[in-house]
1. Given labels modelled 7 Å from the Cα in the Cβ direction, how far is it in nm from SER109 to GLN40?
2. If each DSSP helix of 4+ residues adds -39,500 (n - 2.57) and the sum is divided by the residues in the chain, what number results at 222 nm, nearest 500 deg cm²/dmol?
3. Taking springs between alpha-carbon atoms closer than 10 angstrom, which of ASN275, ASN68, ASN39 fluctuates most in the Gaussian network model of the chain?
4. If the reach is capped at under 13 angstrom between alpha carbons, list the aspartates and glutamates near LYS273, excluding any in the same chain fewer than eight residues apart.
5. Would you kindly state how much longer the chain becomes between GLU166 and LEU6 on full extension, computed as 0.36 nm times their sequence separation minus their alpha carbon distance, in nm to one decimal?
6. GNM, the chain, Cα, under 10 Å: largest mean-square fluctuation among THR248, THR26, THR91?
7. Largest first and in whole Å, what are the equivalent-ellipsoid semi-axes of the stretch 1-135 based on the Cα gyration tensor, each being the root of 5 times an eigenvalue?
8. With a 10 Å radius around each residue's Cβ, average the other Cβ atoms per peptide and rank 253-260, 238-245, 186-193, highest first.
Amino acid sequence: MVFPSLFDIQEAADLLTQGRLVAFPTETVYGLGGDAENNQAVAAIYRVKGRPNNHPIIVHVHTTADLNRWAKDIPLAAEQLMEAFWPGPLTLILKRADTLSTEAGAGQSTLGLRSPNHPVAQALLQAFKNGQGGIAAPSANRFGHISPTTAQHVIAEFEQEIQAGELARVLDSGATDVGIESTIVDLSRLDTHGPVLLRPGHISKESLMAVLGVPFHTAQKNDHTTPKASGTLAAHYAPNTPTILVPTKDLDRILAEFNQAKKQIVLLHYHEKNNYPFPHILLPQHATEYAKALYASLRELDALKKEVIVIEAPPSTKEWLAVMDRLKRASYAHTLDMYSEHKK
Ligand code: TXA
Ligand code: MG
């Protein structure tokens, strides 16, 4: 792994202290970070990302952080999950501490907290306010676009902002390990809702349940009490090229139809087949390995600027839940169009 020097990390921490923005690696995806206690820095994150300001941003903390600075009434369930999975790809939504005036919570009474399992992220958090600060950081991509899994993705995404100094530094630590965003569990409404899975991720519902010993709820679309989570919008994590998700059994037929219509297509598949006459990327058949390569592959296919990205849909088994969640969002608008055209 490429590793920034301690000097680089200290410089980045100093920039954060000055209210500047720094992109940094985590084990999931790269984050666009700012001092969570500096509302101008938080406002700059919203501006640079182009994110609506009612979508809260999660706060990253060091493993030794005093969580009572950030959250109140921390339930036993949170302590159990932190013990089992932190540092790691798990974000907990908790009741926000009363004394905290961070805009990262977007005016909600809750706050998302996560301690990332990445040496550079932890070193940055240690160098920043002696491990007791919080780095507010959404994924370092423009709102709605694909999350970045390398520093090059971040640089490509924010070229202008880097030139203008709005994004002061990008810490490069190579490709991230997990490849998709953290699992998000809402524990802020335990009394009324129990634990709620807001976003599936590498840490599965089953392993969370094994620790908590209680059944889990999945956020419902029409549940108006669900806190806003932009990662839970139907269309999200999307390439610019129209993208459709096709079951394996329909794949040959759909590809043949596109071919007949002379559509310029590219394909993301996971069953091996060598004779495709158009650009294609073969991903691993194992969900964890697939997730790791997914976003870089989608960016690569998107960059070819063809008419359609066709994705072979993986199985609907629990191992693939997090990947399927991202694929459905990446393809949302267009898959619906396509299938309704077919039904006509
Ligand atoms: O893996 C990750 O979680 C990455 C890395 C950088 O840590 N971060 C990330 O942040 O994916 P973002 O902002 O792209 O996605 C976090 C999601 C958003 O959908 C946001 O709306 C939701 O978490 N969220 C944040 N705070 C929340 C809160 N208080 N209540 C409900 N949802 C919240
Ligand atoms: Mg995001």
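1. 3.2
2. On the way: 11 runs with 119 residues, N = 344.
Roughly -10500 deg cm²/dmol at 222 nm, from the helical runs in the chain.
3. Highest fluctuation among the options: ASN275.
4. In chain and number order, the partners are ASP252, GLU312.
5. On the way: separation 160, 0.36 × 160 = 57.60 nm, distance 2.28 nm.
Value of the extension gain: 55.3 nm.
6. The residue with the greatest mean-square fluctuation here is THR248.
7. Details: eigenvalues 92, 71, 34 Å².
Here the semi-axes work out to 21, 19, 13 Å.
8. On the way: 253-260: 13.6, 238-245: 19.2, 186-193: 16.6.
Descending packing order for the listed peptides: 238-245, 186-193, 253-260.
None of the figures in this text is laboratory data; all of them are computed from the coordinates on show. Fair warning: this is a prediction, and the values are worked out from it, not measured in the lab. Backbone-built Cβ (ideal geometry, glycine too); neighbour counts: all protein chains shown.
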